[in-house]
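The structure appears below as structure tokens.
Taken together, the values in this text are just the output of simple stated rules run on the coordinates, not laboratory data. Since the model is a prediction, treat every value here as computed from it, not as a measurement. As a convention, Cβ positions derive from the backbone with ideal geometry for all residues, glycine included, and neighbour counts pool all protein chains shown.
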């Protein structure tokens, strides 16, 4: 079975994406900090007949994401699709004039350094097979930076730059890279339904398309 790995797996977009890919025959690896949340997600997916494994870790620690992905690949098989979708801490998000270097350092650790560790963990096997998909999701600050959410604006801009460079480098090798910016609230009954965004992510993997998609309405 092909494997989807989700960094920053949560009960909204992470679970919806796991269910969508699982419906297509994917096994799912889940990475998050909260063990109880991971177990609840695994139990939910199991009821739907989807094989899922979790790895609890703090991806802001150097190489923590890589270690978790290596563990999941050993349990489930090579990772064909990586979804990088962690949420920043609200403690880091402040107006630009109140944003300290520590806020930005933490935010970059989550959005950029964790992404690099994750990609480096899965990319060699993708290149060896000549296929794979790297999916990145961020909040709307990536495309519409706000002075009230400075650390996210800075870190998301860096993350998207990294993803775009991967897209340019890896597309000729058959590896797809896509970024989705979600502008507005995500959740059941909110501006963006998790299942709708999960369907978009599935199409980005299965069909390809533009590097960047902005979900806004």
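General remarks:
- Length-normalised contact order for the stretch 74-158 - Cα pairs under 8 Å, 6+ apart - percent: 47
- Residue-span extension gain [residue 23 to residue 120] - 0.36 nm each, minus C-alpha spacing: 32.2 nm
- Model label zone, residue 97; criterion: amide N under 17 Å from point 7 Å along Cα-to-beta-carbon; scope the stretch 127-170: 146-151
- Contour excess over end-to-end distance, with Cα ends at residue 165 and residue 131 and 0.36 nm allotted per residue: 10.5 nm
- Nitroxide proxy distance, nm - points 7 Å out along Cα→Cβ at residue 195 and residue 214: 2.8
- On Cα atoms only, tilt of 114-129 relative to the major axis of the chain in degrees: 30
- Taking the helices alone, the chain has a mean residue ellipticity at 222 nm of -14000 deg cm²/dmol, built from -39,500 (n - 2.57) per DSSP H run of at least 4 residues and averaged over all its residues.
- Residue exposure sequence - 94, 46 - by fewest surrounding Cβ within 10 Å: 46, 94
- Fewest-first ranking of 93, 182, using other Cβ atoms within 10 Å as the exposure measure: 93, 182
- In degrees, nearest ten, helix 35-47 long axis to first principal axis of the chain (Cα): 40
- The smallest convex shape that holds all Cα atoms of the chain, its convex hull, gives 111 Å³ per residue.
- On Cα atoms only, tilt of 150-170 relative to the major axis of the chain in degrees: 40
- For the pair residue 71 and residue 33, a Förster radius of 22 Å applied to the C-beta separation gives a FRET efficiency near 0.90, rounded to the nearest 0.05.
- Mean separation of Cα contacts under 8 Å (6+ apart) over length of the stretch 3-215, as relative contact order %: 21
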